Each structure stands twice: as C-alpha cells, then as structure tokens.
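Structure first, then comments.
The values are calculated or read from the model by the stated rules, or taken from the named source; none is laboratory data. None of the values given here were measured: they were computed from a predicted structure. Glycine gets a Cβ as well: all are built from the backbone with ideal geometry, and neighbour counts include every protein chain shown. Surface accessibility is based on the protein's heavy atoms, side chains included, excluding ligands, DNA and RNA. Shrake-Rupley method; radii C 1.70, N 1.55, O 1.52, S 1.80 Å.
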Amino acid sequence: MKINVLKNYKELSSTVADIVETQIKKHPLSKLCLPTGSTPLGMYDELVNKKLDWKSVITFNLDVYLMNITRPQSYQSYMKKNLFDRTNIYPDHSHFPFRPFSAFEDKIDGTNQTDFMNTTMGIDLCILGIGSNGHIAFNEPGSSFKSRTRLVNLDEQTIIDNARFFDSVDDVPTQAITMGLGTIMDSKKIVLMVNGLKKKSILNQAILGIITEDIPASILQKHKNVEVYYCD
Ligand code: F6R
C-alpha cells in the first residue's frame with residue numbers, strides 16, 4: 001500500500017484529480033467508482049477545471065441514502081451539482097446503487113450487457129473516503145469482508161457525523177444502499193482520500209492495525225493496488 005502525505009487540502013484534491021485525469025486520458029472507456037461527502041469536493045472542482053472528455057466514461061457511486069432523490073442532500077443531487085452537470089458525461093453512464101442489487105453488480109462487472117460501450121470488466125479506478133468509524137462507502141463496522149451491494153442501516157456515529165448536511169440529526173436517513181466491501185475490493189485500483197487530523201487515528205488503525213471487520217477500511221490492506229492520500 002502506498003501512503004502519501006500531502007501538504008494541504010488543495011494538494012490532496014489536485015493529486016487525486018490528476019490520477020483520475022490520467023485514467024480517463026489513458027482509457028476513455030474507464031469505469032470509475034466515486035464517493036460523495038466533504039473530502040472529494042475539491043477534487044471534483046479540480047476535475048471540472050480540467051475540462052476532460054467524459055463522453056465515454058462510466059461512473060458508479062459507492063452509496064445512496066434511502067431518501068427522496070430530488071432533495072439536495074441526496075447523493076444523486078450531490079453528484080449532479082458537483083460533477084455531472086459540469087461535465088459532458090452522458091446521464092445514462094452514471095449509475096447509483098439500485099435494485100435488484102445483482103443487476104447493479106452485473107452492470108459493474110459488465111456481464112449480461114448488450115451495451116456496446118460497456119467494454120471493460122469491473123471498476124478500473126475506485127476513489128474512496130473513510131468515515132470516522134472506519135467505514136468505506138456505507139459499510140459500517142461489522143460488515144462482512146465478503147459483502148456485496150445491499151441495503152444497510154447506518155451506524156449511529158455516521159448519522160451524527162452526517163447531520164451537518166441536514167437540518168437536524170433527526171432528518172438524516174437511517175438506511176442506505178451501499179456497494180459491499182467485496183464489490184469495492186474487486187476494483188483494479190483503489191485510491192483512499194483522507195482529509196484532516198480528526199481522521200488520522202482511524203486511518204492509522206485501518207492501514208497499520210489488524211485487519212478486522214470492526215474497521216471495514218482495514219480490508220484495503222489486502223488489496224494489491226491501493227494508494228492512500230492524506231493531509232492534516
Ligand atoms: C460517501 C461515502 C462515505 C464517505 C465518508 C467520509 O459516498 O462513501 O464513506 O466517504 O463518510 O465522508 P467525508 O468525506 O464527508 O468525511
């Protein structure tokens with residue numbers, strides 16, 4: 001696992017944006033897996049400023065809240081606002097976890113597809129953030145390392161952490177659909193973005209500590225192609 005400590009949030013954002021740019025330029029038909037939350041906001045701004053050609057890129061979001069998707073807090077609204085409406089990506093090429101979950105997984109794998117665009121098998125590049133409880137996507141502590149896309153109950157800590165995006169903590173959805181840890185681990189390359197001292201301790205536990213389902217991100221130690229980017 002390559003661990004890179006960057007000077008500040010600007011450098012974190014531009015470094016990861018450069019990785020996405022390289023991937024898209026090298027392979028315009030790339031399948032990307034994308035996060036929401038505070039951490040990637042600067043990276044999306046950097047990416048938009050690069051004016052890349054997104055017309056052949058296919059994206060999959062890691063997770064969605066179970067909520068009305070037209071509300072501004074939905075991850076569908078977040079992606080439209082921060083990336084999709086600011087690029088030339090085709091609406092049909094951006095996917096959020098959907099039911100039946102096996103069909104969503106098939107779309108990632110590229111199996112059972114008649115879509116000629118769907119030429120690569122699996123996710124080429126997966127960008128992740130980490131929750132203060134060690135979650136990746138919405139795989140909360142205790143999630144099986146073999147888990148696939150599914151409906152989950154959000155951890156109390158996640159609800160508290162994400163209350164900042166809502167009017168009150170009671171307004172935060174309690175359920176979500178998330179890609180599983182097994183789904184994420186099938187990605188060819190994984191980049192973990194971590195911003196801020198408050199995440200340092202959980203990051204250290206995840207990347208240097210024991211590999212345990214109590215810290216879902218610790219599964220990344222088993223992946224052959226993971227890069228971690230951290231700034232204080
Ligand atoms: C969101 C996601 C989550 C976040 C994590 C960190 O799509 O997958 O795992 O990456 O909760 O969120 P921030 O960046 O807001 O601290």
Q.
Please compute the contact order of region 105-232 in relative form: average sequence separation of alpha-carbon pairs under 8 Å and at least six residues apart, divided by the residue count, as a percent.
A. 30 percent
Q.
Relative to 2.2 N^0.38 Å, what does the C-alpha radius of gyration of the chain come to as a ratio? Two decimals please.
A. 0.94
Q) Given +1 on the Cβ of Lys and Arg, -1 on the Cβ of Asp and Glu, and no further charges, what dipole in debye does region 13-131 carry about its Cα centre, rounded to the nearest 20? A) 280 debye
Q) Given labels modelled 7 Å from the Cα in the Cβ direction, how far is it in nm from Q175 to S56? A) 4.0 nm
Q) Relative contact order of the chain: what whole-number percent is it, with Cα pairs under 8 angstrom and at least 6 residues apart? A) 26 percent
Q | Shape of region 173-230, Cα gyration tensor, a/c cut at 1.5 | A | rounded
Q | Accessible area in square angstrom per residue, the chain, 1.4 angstrom probe | A | 46 Å²
Q: Set Lys and Arg Cβ to +1 and Asp and Glu Cβ to -1, take the dipole of region 94-232 about its Cα centre, and tell me which of M193, N153, P173 lies farthest positive.
A: M193
Q | DSSP beta bridge pairing in region 104-232, given as percent antiparallel to the nearest 5 | A | 35 percent
(Q) Which residues does the label zone of K2 cover in region 34-51, counting backbone N under 18 Å from a point 7 Å along Cα→Cβ? (A) none
Q. Which peptide among 67-74, 7-14 comes first, and what is the full order, when sorted by highest mean count of other Cβ atoms within 10 Å?
A. 7-14, 67-74
Q) How large, in percent, is the carbon and sulfur part of the accessible surface of region 16-83 at a probe radius of 1.4 Å? A) 55 percent
Q: May I ask for the distance between the Cα centers of region 160-232 and region 7-74, given as a whole number of Å?
A: 16 Å
Q | Listed residues L83, H93, F104: farthest to the positive end of the dipole of region 51-159 (Cβ charges) | A | L83
Q) For region 180-228, what is the relative contact order in percent, using Cα pairs closer than 8 Å and at least 6 residues apart in sequence? A) 44 percent
Q: Just the number, please: percent antiparallel of the DSSP beta bridges in the chain, rounded to the nearest 5.
A: 25 percent
Q: Could you give the size of the charge dipole of the chain about its Cα centre, using +1 on the Cβ of each K and R and -1 on the Cβ of each D and E, expressed in debye and rounded to the nearest 20?
A: 600 debye
